[in-house]
Every structure is written in C-alpha cells, then in structure tokens.
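Any read-out appearing in this document is the output of simple, stated calculations on the displayed coordinates, not a laboratory observation. A quick note: this is a predicted structure, and the numbers were derived from the prediction, not measured. No Cβ is skipped: glycine too gets one built from the backbone with ideal geometry, and neighbour counts run over all protein chains shown.
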Amino acid sequence: MQRILSILCIGSLMLLTHPKANAQEQLPEKKNLIGAGLSFSSGKSDVPTGSTFDGKYFSINTTITYAHYLRKNLALGVIVSYSHAKDGIFDYPTNVYVTKKSNAGYFAPFVRLDIPLWQSRFSIFNDLGISGSYTKNRTEYLTGDVKEDSWGLGAFYRPGLMFRLKSNISLQLAYGQLLSYNYLHNPGYSSHSFSLVNGDNLGDLQFGVNFLF
C-alpha cells in the first residue's frame, strides 16, 4: 500500500512542479477502451529452513480488458485472463523431483470510475467487480500424475494510474487487487479468504497499454 501511495504521490508531484503539464490540450472523449497486460515472475520456492529441498517456480499471466464508457468517467467492463504456473521441488534424500503445473482462466465484469488529476493527462481509475475462475492443476511424481481441478468466485477492488499518451492510446499501471474476497472449491474441500495487498511485495504490479476508440 505504501508503494502505491508513493507512485501516486510522485505523479502528483510531477504535475505540481511542472505547471505547463496542467495546461494540456483537451483530448477527445472516447467511448470504448481495450487493453492488454502481461506479467511474469520466477525464482526460488519458499521451503522450510534447514530442509534439503531445492525449489524453483515460474508463472506468466496475460490479461485483456474491455470497457464501454456510459459517461465521461464511468464505464462498464470485463477482464479476461489466462495464467500458467510451474513449481518444481527436488528432495535430495529421496532423489524425487516433483513438478506442479497449473493453467487457469479468469473472467471478471466490473464498474470503473475514473478520477482525473486536474487538467493533466493523468487519471486514477477504480475498478469494482466480481469474478469467476477455473483452474486445472497437475502434480507430476515419478510414480505418476495427480490431477485436481478447482473453481472459484470472488469480489474485488482494484485501483490504478493511467496516462493518456495520445488521443487513442493510454498507459496503465495497476497493483493487482487491493481488496478482495475469494471462495475456492477444490475436490473434497472449499475455502474462503479476504485479503488486503501487502505493499512490500511488488509481485502483482502490472503494466498495460490501452487503445481508445
């Protein structure tokens, strides 16, 4: 959260220290927005201290967003995304390597409220929506594979910063879902969770490009 506020404060400071930026020409209004985003991460998995495990993980996520503006700063939209993740752990004592793979689809209709920053090309957007997801999980052992599918429902609030680069192009910076509730159903059990993003972790930071028409 602190990092989000820092980003917004830096953008505001730039506008205040450059008065000419506040006098940007009025850009034409657009009724539709379509955007795409890409995020990925890789590294070592968290393992117990002092254990004899080595772990590596990799994940990638692609997202498409569409929104139709009912008014100048109010829109209805939908987010569709696909993600792939792979996590491998090697146990030295047993010489067993376990690979966990998952492929997930995500669908989320939302309401967007834009808040312009003075007369500049910057604006803060606020997305409030509901979501549905479906995930295919597979764990590969030396003795065979174990498959387990799951599905989930949720609600979220996602803020972000947008910059109108040209009349039909805008750049977007978002920090995933700031507030969220999720229900997850797995074979044999289910779970509920409510989360507030930890500002010390930038793993959910996403950059995107939007096209306006």
Worksheet entry | Whole-Hz couplings from phi, Karplus 6.51/-1.76/1.60, listed for segment 28-44; x for Gly and Pro | x, 6, 10, 8, 10, 9, 9, x, 9, x, 9, 9, 8, 8, 7, x, 9
Item to complete: Enumerate the lysines that Lys72 could reach by cross-link, defined here as Cα to Cα under 21 Å, with residues fewer than 8 away along the same chain left out.
Response: Lys30, Lys31, Lys166
Worksheet entry | Rounded to whole Hz, the Karplus (6.51, -1.76, 1.60) HN-Hα couplings of segment 154-160, x for glycine and proline | x, 9, 8, 10, 10, x, x
Worksheet entry | Peptides ranked, highest mean first, by Cβ atoms within 10 Å: ranges 172-181, 129-138, 143-152 | 172-181, 129-138, 143-152
Worksheet item: Between Lys136 and Ile60, what length comes free when the chain is fully extended (0.36 nm per residue of separation minus the Cα-Cα distance, one decimal in nm)?
Response: 25.8 nm
Item to complete: Step through the residues of segment 56-63 one at a time and calculate ³J(HN,Hα) from phi using the Karplus curve (6.51 cos²θ - 1.76 cosθ + 1.60, θ = phi - 60°), rounding each to whole Hz and writing x for Gly and Pro.
Response: 9, 9, 8, 9, 9, 9, 10, 9
Worksheet item: Which net charge results for the neighbourhood of Glu140, defined as the other residues with beta-carbon distances under 12 angstrom from its beta-carbon, given Lys and Arg at +1 and Asp and Glu at -1?
Response: +3
Worksheet item: Using a simple spin-label model with points 7 Å from Cα along the Cα→Cβ vector, what separation in nm is obtained for Ser193 and Leu165?
Response: 3.3
